There are 2 protein chains.
Amino acid sequence: MEIGATRLRAKASWLINKTSLHAHRLVAEGLGSVDARGYHFAILAALDEYGPASQAAVSQRTGIDRSDTVAMVNELVDQRLVVRAPDPDDRRRNVITITPAGRRRLEQLETVLSEVQDELLAPLSAAERRQLVGLLARVLDHHTSQSG
Amino acid sequence: MEIGATRLRAKASWLINKTSLHAHRLVAEGLGSVDARGYHFAILAALDEYGPASQAAVSQRTGIDRSDTVAMVNELVDQRLVVRAPDPDDRRRNVITITPAGRRRLEQLETVLSEVQDELLAPLSAAERRQLVGLLARVLDHHTSQSG
DNA sequence: GGTATACCGTTGGTCAAGCCAACGTTGGCT
DNA sequence: AGCCAACGTTGGCTTGACCAACGGTATACC
């Protein structure tokens, strides 16, 4: 495709959506090649940074819906990358803990995703990449703080 | 939600995908309030800029799948915003032409979308918005030119 | 102490987007 | 004439994001 339509291209929303599609596809391909999914990385990363947490906490930190978190944690448990145990202090909760294997997996996914970022942002310099990330982060912050 | 996880936030792919979600929602809400969809604007804009064209051409220029284009053109025809006529020079083709009402509609949607852009990019200055649009356009160009 | 209220994990389902395969029709090429 | 490519159209598939509701549990308030 040779997308034109200046009116379309001038719309940030359109650019973001289209770019997101490419990003999404690249991520899915990259992670798919090692039998993982984006959600796996998100959850492992959250557990690694914040330590063991309830599924609700994981859900909040990753922005993944509670119901979807259940399925993802199931998959991670099956792969022995995390452990799910009832919280003795609050029996409503399950405490999810990342395992050593989970940490190794996280590093593997980190590597894969770094390569994907490179591919995605190929035409941009290092400075420009930082710019883009900074701008997007600000936009995202604005909307997540006031609405979500 | 109070999304943290620096590892996640540092990934451009993640930022783009999340931001895209907000953008998509805002666009859907904005256009929904005047009973339109993103695809409508895309098609009307393409027809306005390039003149009458076959559905295949519209499809290419907007990046909308051929099969989805059929449905969208149907809707636009129902609203008398475009006309679909067989091409006498090539009977495989339908020539889609925007009507005067279609142009008025396009301007209406343009207005709505401008407001949506404002809302989406609220935390950014005008210069920063141009920066963001420029960076995204370059990323998008890179991937659309080499992969289809 | 008992009741209402809020939270947690889980199940099940919805909805729209983006795709893809296939078909009949038509055009172009050789 | 015969083959291949393009077009419009139908139908369906997959996935991500989301929502509603439930039983079970903790907390707050009276």
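What to note about this one:
- Counted residues, segment B:15-37 - those being open to solvent by 30 Å² or more (accessible area, probe 1.4 Å) and either farther than 22 Å from residue A:144 by Cβ or more than 11 Å from chain A (Cβ to nearest Cβ) (or both): 6
- Residue that is farthest from the other protein chains (Cβ to nearest Cβ) [pool: residues in segment B:92-112 that are within 16 Å of DNA strand C (Cβ to nearest atom) and open to solvent by 70 Å² or more (accessible area, probe 1.4 Å)]: B:92
- The set of residues in segment B:72-91 being surrounded by 12 or more Cβ atoms within 10 Å (Cβ to Cβ) and near DNA strand C (Cβ under 9 Å from one of its atoms) consists of B:87 alone.
- Some residue of segment B:132-143 being among the β-branched types (Val, Ile, Thr) and farther than 29 Å from residue A:127 by Cα: no
- Matching residues in segment B:91-106 - criterion: being in contact (Cβ under 8 Å) with a residue 24 or more places away in the chain, farther than 16 Å from residue B:42 by Cα and not basic (Lys, Arg): B:94, B:95
- For residue A:79: the one exception among (1) within 17 Å of residue A:32 (Cβ to Cβ); (2) within 14 Å of chain B (Cβ to nearest Cβ): (2)
- Note on segment B:58-68: residues that are within 14 Å of chain A (Cβ to nearest Cβ) and within 7 Å of DNA strand D (Cβ to nearest atom) amount to 2.
- Where residue A:3 falls short, out of the listed (1) facing chain B (nearest Cβ under 7 Å); (2) at pLDDT 95 or above: (2)
- Looking across segment A:38-55, just one residue is more than 10 Å from chain B (Cβ to nearest Cβ), among the small types (Gly, Ala, Ser) and either surrounded by 18 or more Cβ atoms within 10 Å (Cβ to Cβ) or within 13 Å of residue A:112 (Cβ to Cβ) (or both), and that is A:53.
- When restricted to residues that are open to solvent by 20 Å² or more (accessible area, probe 1.4 Å), part of a helix (DSSP H, G or I) and either facing another protein chain (nearest Cβ under 7 Å) or modelled with pLDDT of 95 or more (or both), segment B:118-148 contains 12.
- Conditions (1) under 18 Å from residue A:9 (Cα atoms); (2) out of contact with any His (no Cβ under 9 Å at 6 or more places or on another chain): number failed by residue B:120: (2)
- In segment A:21-37, the residues that are free of Cβ contacts under 8 Å to residues at least 12 places away in the same chain and either under 9 Å from the mean Cα position of the chain (by Cα) or under 17 Å from residue A:75 (Cβ atoms) (or both): A:28, A:32, A:35
- Residue in segment A:55-62 that is over 21 Å from residue B:7 (Cα atoms) and among the charged types (D, E, K, R) present: no
The values are calculated or read from the model by the stated rules, or taken from the named source; none is laboratory data. Predicted model only: the values in this text are computed from it and were never measured. For neighbour counting, all protein chains shown are included, and Cβ atoms are generated from backbone atoms with ideal geometry for every residue, glycine included. The protein model used for the area step is the full one, side chains on, heavy atoms only, and it has no ligands, DNA or RNA in it. Shrake-Rupley method; radii C 1.70, N 1.55, O 1.52, S 1.80 Å.
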